[in-house]
Structures are given as C-alpha cells and as structure tokens.
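Only one structure is covered here, and it is reproduced in the block below.
Where a number appears in this text, it was derived from the coordinates with a stated rule and is not lab data. Quick caveat: nothing in here was measured; it's all calculated off a predicted structure. As a convention, Cβ positions derive from the backbone with ideal geometry for all residues, glycine included, and neighbour counts pool all protein chains shown.
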C-alpha cells in the first residue's frame, strides 16, 4: 500500500544528518507493516496532483502553528478536505493532528498551560500508551465528525478518529528518545521551561508504546473501506 507523506516541517539541521528527517522517522516507525512511502514537501509547496495519487496520506509534525499564515496552510487544508470527501484515509501526527482538525471545522490554539515534552502517558479507552510529546498547541475544539479516543490530563483531545476516514494523534510515536533529547538541546533551551525538560530527561529510556501505535496506524490505513 502506497502512503504519501505530506512533510510540513523539517528536523533541526544539527540532528538531521545523524537521525534523519521526519519522513525517514515515519518510514522507520512503520517498517515491516506492508506500506511503502512517497514524500511530498508541502511546506515547500510540493503538493500531490490528486488525492488518489497515493492510497493514503500521512501528515507530519511541524514547528509551525496550524493557525499561522504560511503559504502552504490553505492548500493543505483544501487537500485534506478533498481527501476526506474522497474517502482516502488520512493520518495526522502532532501538527498533522491539528491541521486535519482545523480543516474539518475544529479549533487549534496555543495552549494556556504551555508545553508537553518527552515521554507522556495517554489513556486510550482504558489502555495506557506512552509516547514522546513535543507541543504547546492543541486541538481545543474537535470537529463534529471526530470522536476522541485518546486523552491525558494535559491534552484533552490527544487522539481523534473520524470514522474510517482519518486517525490523528497529538504525540510523536516516530520520535525516539535520542531525538527528543536532541530537540531539548537544540530547540528547547529558552523556549521550554527547564523543569519540564528535566522531568522529560528523567523518563527517557523507559519503555514506550511507539510500536503499538505504529500497528494502529498501519491497521487504520489497511482496513477495508466501502467505496
């Protein structure tokens, strides 16, 4: 199954050579699950010609806010609505989670309580899943079509599902602990409170649920759908 990765940001220059860019991380996360990938750098205005060019779409994280005025935002929202209407499955991670919600009528804001960083526990219908987080924006109002399936004390709408059309997660299952440590060193200082980064550092190296979330993403893409 061919999945188009819609790249909406880039990993820091200082980390990219060693740890790869966001599409590389998703290819690693989802390896061995019957998926192949093609990347479109939509942040640089490289868009697919048609929503059926791939059999599913995955929207990455980004340092940008979904509510900001960047040239790629409106075309990406239009593409999301077209893919959704055509029943081509969408998966969104962090910024991808937010932009899908915004495109479909939800609201995204910079959260009043600040940042979530590093290993974080989420309640998925009674099952605790641990993933790395790196965000201060959140979906504060979900679209009418969305059902919340994952939450935490800090992030109410941490995972959303839109029937069989979209599955989105606020956290970063594709971020390994070494990359999160790198983000704290290269982007965090002076931006994320020191106590939050210290608490995140203390949890790095503990087991997480990235493989389970990868299984859920792959299963969502591959599930049977009515035409």
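Which FRET efficiency, nearest 0.05, do residue 123 and residue 70 yield, Cβ-Cβ r, R0 25 Å? In this case the efficiency is close to 0.15. Put in order of Cβ neighbour count within 10 Å, fewest first, the listed residues 25, 131 become 25, 131. Rg over Rh for the range 22-151 works out to 0.94, both radii taken from alpha-carbon positions and Rh defined as the Kirkwood radius.
Segment residue 46..residue 203, full-extension length gain: 52.8 nm, with 0.36 nm per residue of separation and the alpha-carbon distance subtracted.
Highest average first, the peptides 57-68, 210-221 ordered by how many other beta carbon atoms sit within 10 Å of their residues are 57-68, 210-221.
Take each of the peptides 153-159, 202-208, average the number of other beta-carbon atoms within 10 Å over its residues, and list them starting from the highest.
153-159, 202-208
With both labels modelled 7 Å from their Cα along Cα-to-Cβ, the residue 2 to residue 24 distance reads 2.4 nm.
Contact order, relative form, for the range 63-112: 41 percent (alpha carbon pairs under 8 Å, 6 or more residues apart, mean separation divided by residue count).
Fully extending the segment from residue 178 to residue 14, taken as 0.36 nm per residue of separation minus the present Cα-Cα distance, adds 57.7 nm.
Please report the spacing between the Cα centers of the range 45-92 and the range 151-227 in Å, no decimals. Each part reduced to its Cα centre gives a spacing of 19 Å.
Using equal-weight Cα scatterers in the Debye expression, the normalised intensity of the chain in log10 at q = 0.12, 0.14 Å⁻¹ is -0.59, -0.82.
Can you show me the helix-derived [θ] at 222 nm for the chain, built from DSSP H runs with n ≥ 4 at -39,500 (n - 2.57) apiece and divided by the number of residues, rounded to the nearest 500.
For the chain, the value works out to -8500 deg cm²/dmol.
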